[in-house]
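Quick notes on the structure that follows.
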There are 2 protein chains.
Amino acid sequence: MIDLLKVDSLEEAIEKLYSECVNNHFNVDIEEIDVKNSLGRVLAEDIVSKVNVPEFDRSTVDGYAVIAKDTEGANDTIPTFLNVVGESLMGLPCDISIKNGECVYVPTGGMLPKGANACVMIEYTENITDKKLAVYNSVAEGQSVIKKGDDVKEGAIVLSKGKRINAADMGFLSSVAVGKIKAYRKLNVTIISTGDELIDGDEKDTLGKIRDVNTNLLIGLSNKYNLNVINNFLLKDEEILLEKTISEAMTNSDVVVTSGGSSKGKKDASSVVIDRLTSSKVLTHGIAIKPGKPTITAYDNKTKTIVVGLPGHPVASAVLFKLIVVDTIRKLMGVKEKESVCEGTITENIPASPGRTTIQLVKIDDKFNIIPIYGRSGLIHTLSMADGFVKLELNQEGINKGEKVKMYYL
Amino acid sequence: MIDLLKVDSLEEAIEKLYSECVNNHFNVDIEEIDVKNSLGRVLAEDIVSKVNVPEFDRSTVDGYAVIAKDTEGANDTIPTFLNVVGESLMGLPCDISIKNGECVYVPTGGMLPKGANACVMIEYTENITDKKLAVYNSVAEGQSVIKKGDDVKEGAIVLSKGKRINAADMGFLSSVAVGKIKAYRKLNVTIISTGDELIDGDEKDTLGKIRDVNTNLLIGLSNKYNLNVINNFLLKDEEILLEKTISEAMTNSDVVVTSGGSSKGKKDASSVVIDRLTSSKVLTHGIAIKPGKPTITAYDNKTKTIVVGLPGHPVASAVLFKLIVVDTIRKLMGVKEKESVCEGTITENIPASPGRTTIQLVKIDDKFNIIPIYGRSGLIHTLSMADGFVKLELNQEGINKGEKVKMYYL
């Protein structure tokens, strides 16, 4: 029997599910993908630069590559004269060597000739003849030059395993000559909404029914968090039907998420079925969190599937999907990323719920005021108005009006 | 002739491009899409609720629907007795009417019988017989009931044109019986990197060359901002080749973005070609912004294409892509959304550039300190380390260490 009173803390629930997955080799498989298609994917390897960046000493100005010492004492009125012995062409190797008293024209980004250790901007020079240059400025060694490897050294780890790739990383990978990367594949998710009272969003003839909100809500969150929704179902609370659907979904999904049917007082088919279908049995039934208490987690070793039963309440189901499903997967992939958070000033007191993690939906204004959104249970409207949530930890005291708080974006 | 000295402010540049697009009917076409596929899309219509939410008076508890007045005076020790005249079944219409002295069992979410105006939680009742209930609590009218339309009224505008759809909206749309929405289609973008010195990210034999960073960087940003990259090219700075490529791209793209080849001192093929290919001619060549000055904008009425020439410098190209391309499209679609921003404390002085908008890359730490990232021109590494940027407006003074600043996520 499953004891509803034995609730886990949020951390315990995650830890149980995570350990079960790790001990039974949950597949966070790796695939090679093109950097062009890598936005939002998670690196499954450390990326080692294959090259020095830049790959050669180069000029940061349009001007002349010189030996710095040759320009000593040059100024506005007393130039130094140098012999122009060639030109470095953009995009081509430069085979010229210079000796004291010599210089070479170099464009911005162009390769320095051997022997040169600084560049003089063209604005500070004057061509006396094709071969003779007056230099009106003294430059120090290294001036207007980026040396080979200054930005990135060959062999250096430039991005670490667990990094979620953003657009800048995609450009950065190109700069270190990496065109393909090993990333964790996108996990496959099946979403099942259950409830005798539920109907599809646009069905007619609906007296007594409630429209199914969670399917589209959880599809949206899955898309946002880079999970691949392969199927979704809307089922009556019938144990046989539910068992058949979850069981089939487990054969081709990495994660099966049900919502509804897990709270006390309703027909509790989900927990019975999940218990029967998984090798771990129900790991957690009930989490000390508000809202979101009636949450079920389990893992099946044979099919390598995480099965999570979320509450039917849309706000609870969205928050627990993020905190249990998304965060456990992140932990399994070793994702190192900053949470998308913002700091602001809370505009009302938020009471804590003793012994429970408390989640309060909030919105944020232009002045970084964080405003709690209250709404009666089940009103999806409140979720649509929210920018994110504030989280009070298990043993944290309530938050007072005017305090600085951290908002997690939903 | 194009005068490089006549730079526009960022606002002028956007306004010129925006007006040209509006006056010449740039197509931000509308298509009907399924709510299931709508994450990140922009609404092209106001969404009107087709139903009341809830669609009937319903109970928020497991218990008995009553006439509130009948429970007056009931308490722990002195119950009121009511006749149980039926049960409201979950998911079905309830045809029962109750009169004074009668009650009906209703589950959470179940429909109230006619005549009832409150519910008593089952915990406060006792079944004396099948037909006789003792009520140990007095309830007020409306208690534990959500009335028809309490959350959303039929005919109300629930989401406005210009809203970018998030996961909560997807759920919310389901709750108001909307399964399909009109959204702006994803615009098609072609990305062209130019430069004699540029080579593909993973090419070998590269002395004197520079790896093309901007193609993958701009693909990443396009993906992030819901633009559809249909093609990308890496070209030498050859006018004929560039003209042919841009011209062909204009036939099937809504936006053609080039990068490189727009700055003074380099071969300036981009501006000449863009000027020749567009009905508007070059609208802006040079923006008072640092970095990012050598930016070109134009619009072609015949092909309905926005053409933007970005600087070759990756940081400048990323920032200007966001500020010109993304923000102009947002304006054309009338997108109403909060910028993704965060407030924090700047850890160093940031000097302003007189007469220019200044963009400073920054990162943010756990304590919401905002730390400027400096790097020599062209070092892509700096962009990969940044979380976002701080923006100093045209005539804004520098920011002092310790001030509160707004960071825009990149």
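The values are calculated or read from the model by the stated rules, or taken from the named source; none is laboratory data. Note that the structure is a prediction, hence the values are computed from the model and not measured. So basically every Cβ, Gly included, is an ideal-geometry build from the backbone, and we count neighbours across all protein chains shown. Note: areas computed on protein heavy atoms with side chains; ligands, DNA, RNA excluded. Shrake-Rupley method; radii C 1.70, N 1.55, O 1.52, S 1.80 Å.
Observations, loosely collected:
- Between helix A:10-23 and chain A there is an angle of about 80 degrees, using the helix long axis and the longest principal axis of the Cα atoms.
- Estimated from the Cβ-Cβ distance and a Förster radius of 35 angstrom, the FRET efficiency linking B:E45 and B:A140 is about 0.30.
- In nanometers and ordered shortest first, the copy-to-copy spacing of the B:N23 label point, defined 7 Å from Cα toward Cβ, is 7.2.
- Kirkwood hydrodynamic radius computed over chain A comes to 25.6 Å, based on all pairs of distinct alpha carbons.
- Heavy-atom accessible area, probed at 1.4 angstrom with all protein chains present, ranks A:H381, B:H285 as A:H381, B:H285, highest first.
- Distances between copies of B:N301, taken at a point 7 Å out from Cα along the Cα→Cβ vector and listed shortest first: 7.3 nm.
- Candidates B:I230, B:I240, B:I30: whichever shows maximal mean-square fluctuation once chain B is modelled as a Gaussian network with Cα springs under 10 Å: B:I240
- The magnitude of the dipole of the range A:199-282, with charges of +1 and -1 set on the Cβ of Lys/Arg and Asp/Glu and taken from the Cα centre, is near 260 debye.
- GNM top mover of A:P354, A:P372, A:P79 - chain A, alpha-carbon springs below 10 Å: A:P79
- Fully extending the segment from A:E403 to A:R185, taken as 0.36 nm per residue of separation minus the present Cα-Cα distance, adds 74.4 nm.
- For the range B:1-118, the tally of Lys pairs with Cα-Cα distances below 16 Å comes to 4, considering only residues 8 or more apart or on different chains.
- Charging the Cβ of each Asp and Glu at -1 and of each Lys and Arg at +1, and nothing else, the dipole of chain A about its Cα centre rounds to 900 debye.
- Taking every DSSP bridge with both residues inside the range B:207-344, close to 60 percent are antiparallel.
- Helix B:214-224 and the longest principal axis of the Cα set of chain B meet at an angle near 20°.
- The range B:75-124 and the range A:317-363 have Cα centres spaced 38 Å apart.
- Taking each residue as 0.36 nm, the span from A:S160 to A:T77 lengthens on full extension beyond its C-alpha to C-alpha distance by 24.6 nm.
- Cα→Cβ-extended label distance, 7 Å offset, between B:K6 and A:E87, nm: 3.1 nm
- Sites B:E126 and A:N226, calculated FRET efficiency, Cβ-Cβ separation with R0 35 Å, nearest 0.05: 0.10
- For the range B:24-104, average projected area of the Cα convex hull in nm²: 10.2 nm²
- Calculated on the alpha-carbon coordinates, the convex hull of the range A:98-149 measures out at 87 cubic angstrom per residue.
- Out-of-range pairs (alpha-carbon distance over 25 Å; input A:K163/B:K224; A:K404/B:K161; A:K367/B:K182): A:K404/B:K161; A:K367/B:K182
- Among A:E55, A:E123, A:E397: highest mean-square fluctuation, GNM of chain A, C-alpha pairs under 10 Å: A:E123
- Values of log10 I(q)/I(0), in the order q = 0.12, 0.16, 0.19 Å⁻¹, for the range A:285-386 under a Debye, Cα-only, solvent-free model: -0.50, -0.85, -1.11
- Cα-centred dipole magnitude for the protein assembly as shown, charges only on beta-carbon of K, R (+1) and D, E (-1), debye, nearest 20: 20 debye
- Stretched out straight at 0.36 nm per residue, the stretch from A:K338 to A:K244 would grow longer than its current Cα-Cα span by 29.9 nm.
- Rounded to the nearest 10 degrees, the inclination of helix B:239-252 to the longest alpha-carbon principal axis of chain B is 20 degrees.
- Cα gyration tensor of the protein assembly as shown - equivalent ellipsoid semi-axes, whole Å, descending: 62, 27, 24
- Value at 222 nm in deg cm²/dmol, rounded to 500, when DSSP H runs of n ≥ 4 in chain A each add -39,500 (n - 2.57): -5500 deg cm²/dmol
- Residues A:R276, B:R356, B:R164, ordered by accessible area of protein heavy atoms at a 1.4 angstrom probe radius and largest first, appear as A:R276, B:R356, B:R164.
- When all protein chains stay in place and ligands, DNA and RNA are ignored, the 1.4 Å accessible-area order of B:F26, B:F233, largest first, is B:F233, B:F26.
- For the rotational copy pair A/B, the chain A residue whose Cβ lies nearest the symmetry axis, together with its distance in Å, is A:C342, 2.
- Kirkwood Rh and Cα Rg combined as Rg/Rh, the range B:194-261: 0.98
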